[in-house]
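The structure under discussion appears below in the form of structure tokens.
The values are calculated or read from the model by the stated rules, or taken from the named source; none is laboratory data. All values reported here derive from a predicted model rather than from experimental measurement. Cβ placement follows ideal geometry from the backbone for every residue including glycine, while neighbour counts extend to all protein chains displayed. In case anyone asks, the SASA skips ligands and DNA or RNA and just uses the protein heavy atoms, side chains included. Shrake-Rupley method; radii C 1.70, N 1.55, O 1.52, S 1.80 Å.
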Amino acid sequence: MKAYHQVLGISAGSAAVCAVLLSFWTAQAPIALNEMPDPIISGTTAPVARLGVVTASASPPAVFSVSNFSRKTVCLVERGATLTSRSRDFFAPPECESVWPGLARATNWTQNEDGSVTLSTVHGAPVLTLIRGKSFSYEVADPAEADLALLMVP
């Protein structure tokens, strides 16, 4: 019976020490964490002013594989962050010139009202016009001789 009392006493003492240490630790928590309610529990989202301008307008990038079926060449391009309500940043590395001439100079991805997408240079000159294919793919609509397709890479 003595072992039972000894184990019970040590357990109770350890629990009391842990409770005291835990109360000191939670008292040191930053005040900023206590100011914002958890959005899942309260059913709200944080105000845009607290998120900041950069995170409110940022969107995740997407990587596409560009394939030229007639030349049998492939390269990877990136559709970047949102620039305006209809346009995004676009980047194609220099090796994409072998896939389509001028593709490496494209810097803007613009979503048109008809659902098509125009890739254009920094001066606004169109490089390619794409239409949405199945799933996460795009096909070239203009120029007609371009046998290209863009497929989103997971």
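For the condition on the phi > 0 side of the Ramachandran plot and modelled with pLDDT under 90, GLY52 qualifies. Contact map, region 67-88: first residue within 20 Å of ARG105 (Cα to Cα), second residue modelled with pLDDT of 90 or more and open to solvent by 80 Å² or more (accessible area, probe 1.4 Å), Cβ cut-off under 6 Å, separation 6 or more or different chains; pairs are SER67/VAL74; CYS75/GLU95; GLU78/PHE91. Taken together, the residues in region 100-113 that are open to solvent by less than 40 Å² (accessible area, probe 1.4 Å) and part of a helix (DSSP H, G or I) amount to 2. Regarding ARG79, is this residue over 19 Å from ALA141 (Cα atoms), out of contact with any helix residue (DSSP H, G or I) (no Cβ under 6 Å at 6 or more places or on another chain), at pLDDT 90 or above and not polar (S, T, N, Q)? Judged against the criteria, ARG79 is not a match. The residues in region 78-99 that are part of a loop (DSSP other than H, G, I, E, B), closer than 19 Å to ASP147 by Cβ and open to solvent by 40 Å² or more (accessible area, probe 1.4 Å) can be counted, and the count is 0.
Only strands (runs of 3 or more DSSP E) whose full extent lies in region 114-154 are considered here, and the ones with at least 1 residues that are open to solvent by 60 Å² or more (accessible area, probe 1.4 Å) and of a type in the set (A, V, I, L, M, F, W, C) are 126-132, 148-153.
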